[in-house]
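Trainee: Attaching a single structure in structure tokens format; questions to follow.
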Amino acid sequence: MHALNKNRPLRRIMLASAATVSGMVMLLALKPHTTPTVISDSAAPAPSAGASDSPGASSSSGKSGSSSSGTRTVTGDTVQTRWGPVQVKVTVKSGKITDVTAVQYPTENPRDQQINSYAIPQLRRETLTAQSAQIDTVSGATYTSEGYQQSLQSALDSAGL
């Protein structure tokens, strides 16, 4: 007789249950594949535990009233997101954004670190290309992207751009 004979429904139930349990164990044991990412020091520095500068402008060229000439470094407001604070520091020279640094961003757990190791450099590139806070949100890092944009806009407002 065949193992799944219709006269033995209990055997069919046991085999189906064992197959389901085995499939679930294999599925839960599956580790997602992640590609290694390297963050260069210039693209995304390690975040600080607190704000190193108070929000507002600090002039590195001595020209505090001029937004069209000289070099200014301005730190944006700290924006509280669902996953942690985000704060951006912008360097402006002759009315052009020359550098953007994420001073604070979520790093509480490995998932935050993984997401932001990809998102922060991409947001930096977008900012330098767009020369404004009108940048695209990074997929998978929506909260960080929105906090980055808000802090960036406050820094640009303080710089007079």
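No value in this document is a laboratory result; all are computed from the given coordinates. Source: prediction; values computed, not measured. Every residue, glycine as well, gets a Cβ built from its backbone with ideal geometry; the counts of neighbours run over all protein chains shown.
Trainee: Applying the Karplus parametrisation 6.51 cos²θ - 1.76 cosθ + 1.60 with θ = phi - 60° to the phi angles of the stretch 70-76, what ³J(HN,Hα) value in whole Hz is obtained for each residue in order, glycine and proline being reported as x?
Mentor: x, 10, 10, 10, 10, 9, x
Trainee: Turning to a different aspect of this structure: Under a 5 Å amide H to amide H cut-off, with H placed in plane at 1.01 Å, what residues pair with V103 once short-range neighbours are removed?
Mentor: Amide H to amide H, under 5 Å and 5 or more residues apart or across chains, V103 pairs with Q87, V88, K89.
Trainee: Amide H to amide H under 5 Å from T71: which residues, 5+ apart in sequence or cross-chain, H placed 1.01 Å off N in plane?
Mentor: S61
Trainee: Suppose R0 equals 30 Å; then what is the FRET efficiency for Q114 and S22 from their Cβ-Cβ distance, rounded to the nearest 0.05?
Mentor: 0.50
Trainee: Further question on the same structure: Whole-Hz ³J(HN,Hα) for each residue in the stretch 97-103, computed from phi via Karplus 6.51 cos²θ - 1.76 cosθ + 1.60 with θ = phi - 60°, x for glycine and proline: what do you get?
Mentor: Couplings: 6, 9, 7, 9, 10, 7, 6 Hz.
Trainee: I need the phi-derived Karplus couplings for the stretch 8-21: 6.51 cos²θ - 1.76 cosθ + 1.60, θ = phi - 60°, integer Hz, Gly and Pro marked x.
Mentor: My calculation for the stretch 8-21 gives 10, x, 5, 5, 5, 4, 5, 5, 5, 5, 5, 5, 5, 4 Hz in order.
Trainee: Here's a follow-up. Starting from the Cα-Cα distance between T142 and R82, subtract it from 0.36 nm times their residue separation and give me the gain in nm to one decimal.
Mentor: Fully extending the segment from T142 to R82 adds 20.6 nm.
Trainee: Moving on. Using r as the Cβ-Cβ distance of L128 and R12, and R0 as 45 Å, what FRET efficiency do you calculate, to the nearest 0.05?
Mentor: 0.10
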